[in-house]
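So the structure is just underneath, and the comments pick up after that.
The values are calculated or read from the model by the stated rules, or taken from the named source; none is laboratory data. A quick note: this is a predicted structure, and the numbers were derived from the prediction, not measured. Here the Cβ positions follow ideal geometry from the backbone for every residue, glycine too, while neighbour counts run over all protein chains shown. These area figures cover heavy atoms from the full protein model, side chains too; ligands, DNA and RNA do not enter into them. Shrake-Rupley method; radii C 1.70, N 1.55, O 1.52, S 1.80 Å.
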Amino acid sequence: MREVLGSVMQARGRTLAFDVLAERLGSMTAVPSRLIDVALYEIRRIFAATPYSCPIERIRGEGLRWSVVAA
């Protein structure tokens, strides 16, 4: 989970492809996207316990993007 969060934070504003995330996770399994989905679920669950919304968007077919709107 930390690898996904850290990688997406470093790519702020850009879409980080699923295959890049899977490579960073070191996943050689047949379904690396499932590992990414589980990590994203955990990250969203953590943010749900805070007054902040989750800044990670899942871009269908492309990857994840960190998008923070300035208050």
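Annotations
- Per residue value of the accessible surface for the chain (all protein chains in place, 1.4 Å probe), Å²: 73
- Across the chain, C-alpha contacts under 8 Å between residues 6 or more apart give a mean separation that, scaled by the residue count, equals a relative contact order of 44 percent.
- Matching label, log10 I(q)/I(0) by the Debye sum over Cα atoms at q = 0.14, 0.17, 0.27 Å⁻¹ computed from the structure shown, candidates (i) -0.56, -0.71, -1.15; (ii) -0.47, -0.67, -1.24; (iii) -0.39, -0.58, -1.35: (iii)
- Mean residue ellipticity at 222 nm, helices only, the chain: -14500 deg cm²/dmol; runs of at least 4 DSSP H residues each add -39,500 (n - 2.57), and the sum is divided by the number of residues.
- Solvent-accessible area assigned to carbon and sulfur over the chain amounts to 55 percent, based on a 1.4 Å probe.
- With the simple spin-label model, which puts each label point 7 Å out from Cα in the Cβ direction, the residue 9 to residue 37 separation comes to 2.6 nm.
- Gain on full extension, evaluated as 0.36 nm per residue between residue 23 and residue 1 minus their Cα-Cα distance, stands at 6.6 nm.
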